[in-house]
Amino acid sequence: MKNYSRANTGIDLNLIPVFIEVIRCGSMAKASVRLEMSRPAVSLALKRFSQLFAEPLFFRKGLYLEPTEKALTLTRSLEILLGNIHENISAINSPENNTLAQSAPGPGNIMRQSASSV
């Protein structure tokens, strides 16, 4: 099994919700309110996340940030992955649900596995 830890990859997964919220809001100020974080904390998180990529994810447009096409594509993929994580946690915590949705890294690799067949 591959090691996806932050120590191994250098990727802090805590930065992903900040990136997604900035995309949704179009500004760090609005995202900071929704995330209940200070604006400097959002700015730092977005800067750290952006450093993972060779190209910029945003262009400044006055007070707002305009995402690049790559940022929008990345957002859609990350939203799917976060949705899968939330669904799996809910499935595990649901006493009436014996099914766990398992997802391997990469788009389209979603497999449902019955807990009874394990």
**OP:** Taking the Cα atoms of region 1-97, report the difference between the largest and smallest coordinate on each principal axis, in whole Å and largest first.
**Re:** 50, 29, 25
**OP:** Hey, can you grab everything whose amide H is under 5 Å from the amide H of Phe58? Only 5+ residues off in sequence or another chain; H modelled, so Pro and N-termini drop out.
**Re:** Thr68
Original post:
Could you give me the ³J(HN,Hα) list for region 68-76, computed from phi with Karplus coefficients 6.51, -1.76, 1.60 and θ = phi - 60°, whole Hz, x at Gly and Pro?
Top reply: 6, 4, 5, 5, 5, 5, 4, 4, 4
**OP:** Work out from phi, with θ = phi - 60° and the Karplus expression 6.51 cos²θ - 1.76 cosθ + 1.60, the ³J(HN,Hα) of each residue of region 37-43, listed in order in whole Hz, and give x for Gly and Pro.
**Re:** 10, 6, 4, x, 5, 5, 4
**OP:** Please identify every one of the chymotrypsin sites (Phe, Trp or Tyr not before Pro) in region 7-72 that sits in a loop by DSSP and has no more than 16 other beta carbons within 10 Å of its own beta carbon.
**Re:** Phe53
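FYI, it's all coordinate maths here, none of it is from the lab. Keep in mind the model is a prediction, meaning the values are calculated, not measured. Glycine also receives a Cβ, built like all others from the backbone with ideal geometry; neighbour counts cover every protein chain displayed.
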